[in-house]
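Q: Got a structure for you, questions after.
The values are calculated or read from the model by the stated rules, or taken from the named source; none is laboratory data. Bear in mind that the values here come from a model prediction, so they are computed numbers and not experimental data. Note that we place each Cβ from the backbone using ideal geometry, even for glycine, and neighbour counts take in every protein chain shown.
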Amino acid sequence: MISIDKFKFKNIRALIRVDFNVPLNENFEITDDTRIRSSLPTIQKVLKDGGAVILMTHFGRPKSNLQSVKLGAEEKYSTRHLLAPLSEMLGCEVIFGDDCGSEPTYKLAKNLQSGQVLLLENTRFYAEETQGDEEFAQMLATLGDVYINDAFGSAHRAHASTTQVAHYFAEDKKMFGFLMKAEVENAEKVLHSAVHPLTAIVGGAKVSDKILILENLLNIANNIIIGGGMAYTFIKAQGGQIGQSLIEEDKLDLATSLLKKAAEKNVQIYLPVDSVVADKFAPDANSKTQESNHIDSGWMGLDIGDQAIKAFSEVIIQSKTILWNGPMGVFEMEKFSKGTATIAKKVAEATKQGAFSLVGGGDSVAAINSFNLQDDVSFISTGGGAMLEFFEGKKLPGIEAIKSTEPEMPHSAK
Ligand code: AMP
């Protein structure tokens, strides 16, 4: 596989799949431009070398096609809204392609000069995108001389612009962008070459979302800390009384079997000994601390308690590698944020002492940011679903398509 750092883009048109799926307000203004900024180094590298850039991204979840956008419907999903802010960030004019490959757009791409940037319309205005349609992918591939995938957040989808398109480029003409490269290298570091002890901290609302990741973590982790709403299914599975806490009754057997497997594999599982419980799910609820397996009926566990914080902190501080996915409680409500905030601080402290820490998954990233600790962990993953699937041990199609040495399509590899 070739590396973007070593590639010289002079007079080369790079077709780059980015993830510019940023939130907009009602005036079509970007409210958080992190995703765009994350891919600037990749774009700037091509431009600095003297190449040209063709950008493609999905944007929201449009239900209709390009035609309805032209008629005014679903205009909110047009990547046109990104043109001005992107031009400003790059410090150059960005040309807009009205679609993803009509003759005029093809000509725009073909005639791009060194230093120019072309932004294509939303790839999801084509049903062929999510279908991973080969013809559509092949058409996209005609737009550039090389293909760069910098959209880690979409790497778990076998869509036309994230996966299939790569099959039409030879091994020496496709690569990861800087963002994608960093995501893959850091995740692989935890999965395949972690310094031990490795502690995984898994939290959030539902066990069902985290079953596969927990199963896979049993193969690599020394310690697994389970917090958040999902912990109560495990506590109930062990015979605890959990009051009105979150429970997935149909996952009780699975929780028992995960605990059994952990014991067989000598992986230490840490559940919260105590919880901050509330009489309703609200910021102004009455609260008290109780043992997690003796919660009064009518009360629900919304955060880990002080004993749990202490026990979890001791494990974290002795770890050399830390993977964190999911909050320890309802951190969005101040009254129930102490557990997540303290665990975030401990992860930062362990990092300062030399541990490698990777934080990923939407809510844990939101938590780290809300406590202003984003610069105190080793790496923050931008890919929610993709990051989860990576740690579930799955092969992500977007990554595999770049790594594959043989173009898989029988025809027309460049
Ligand atoms: P997830 O998307 O599965 O990582 O879940 C994140 C959400 O879980 C956050 O919005 C938290 O507020 C919520 N959460 C964490 N702990 C609890 C809990 N003990 N009870 C209910 N919700 C929780």
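Q: Hey, any hits in segment 327-334 for a residue that's part of a helix (DSSP H, G or I), of a type outside the set (A, V, I, L, M, F, W, C) and either closer than 14 Å to residue 272 by Cβ or within 16 Å of the ligand (Cβ to nearest atom) (or both)?
A: So far as segment 327-334 goes, yes, one or more of its residues are part of a helix (DSSP H, G or I), of a type outside the set (A, V, I, L, M, F, W, C) and either closer than 14 Å to residue 272 by Cβ or within 16 Å of the ligand (Cβ to nearest atom) (or both).
Q: I'd like the residue in segment 331-346 that is touching a residue at least 40 places away in the same chain (Cβ under 8 Å) and crowded, with 24+ Cβ neighbours inside 10 Å and, out of all such residues, is farthest from residue 271 (Cα to Cα).
A: Filtering segment 331-346 for residues that are touching a residue at least 40 places away in the same chain (Cβ under 8 Å) and crowded, with 24+ Cβ neighbours inside 10 Å, the one farthest from residue 271 (Cα to Cα) comes out as 336.
Q: Looking at segment 146-182 only, could you name the residues that are outside any helix (DSSP H, G or I) and of a type in the set (A, V, I, L, M)?
A: Answer for segment 146-182, where residues must be outside any helix (DSSP H, G or I) and of a type in the set (A, V, I, L, M): 146, 148, 151, 155, 158, 160, 170, 175.
Q: Can you find even one residue in segment 347-354 that is within 14 Å of the ligand (Cβ to nearest atom) and either in a loop (DSSP other than H, G, I, E, B) or buried (at least 21 other Cβ atoms within 10 Å of the Cβ) (or both)?
A: No - not one qualifying residue is present in segment 347-354.
Q: With respect to the numbered conditions (1) within 30 Å of the chain's Cα centre (by Cα); (2) more than 13 Å from the ligand (Cβ to nearest atom); (3) closer than 22 Å to residue 327 by Cβ, which one is the sole condition not fulfilled by residue 196?
A: For residue 196, the failing item is (3).
Q: Can you tell me how many residues in segment 303-326 are within 16 Å of the ligand (Cβ to nearest atom) and assigned to a loop (DSSP other than H, G, I, E, B)?
A: 2
Q: Turning to a different aspect of this structure: Keeping to segment 203-234, report how many residues are within 11 Å of the ligand (Cβ to nearest atom), more than 13 Å from residue 326 (Cα to Cα) and among the charged types (D, E, K, R).
A: Residues in segment 203-234 being within 11 Å of the ligand (Cβ to nearest atom), more than 13 Å from residue 326 (Cα to Cα) and among the charged types (D, E, K, R): 0 in total.
Q: May I ask you to list the residues in segment 366-383 that are part of a helix (DSSP H, G or I) and either at pLDDT 95 or above or surrounded by fewer than 21 Cβ atoms within 10 Å (Cβ to Cβ) (or both)?
A: 366, 369, 370
Q: Given the criterion within 16 Å of the ligand (Cβ to nearest atom), under 26 Å from residue 212 (Cβ atoms) and free of Cβ contacts under 8 Å to residues at least 24 places away in the same chain, identify the matching residue among 291, 249.
A: Unique residue meeting the criteria: 249.
Q: Find the residue count for segment 355-378, including only residues that are closer than 11 Å to residue 323 by Cα and within 14 Å of the ligand (Cβ to nearest atom).
A: So the count comes out to 4.
Q: Let me ask another. Report, by residue number, each residue of segment 293-315 that is under 13 Å from residue 232 (Cα atoms) and among the acidic types (Asp, Glu).
A: Selection gives 303 alone.
Q: Say we look at segment 226-267 and pick out the residues that are over 29 Å from the mean Cα position of the chain (by Cα), among the small types (Gly, Ala, Ser) and outside any loop (DSSP other than H, G, I, E, B); which of these is nearest to residue 364 (Cα to Cα)?
A: If we take residues in segment 226-267 being over 29 Å from the mean Cα position of the chain (by Cα), among the small types (Gly, Ala, Ser) and outside any loop (DSSP other than H, G, I, E, B), then 237 is nearest to residue 364 (Cα to Cα).
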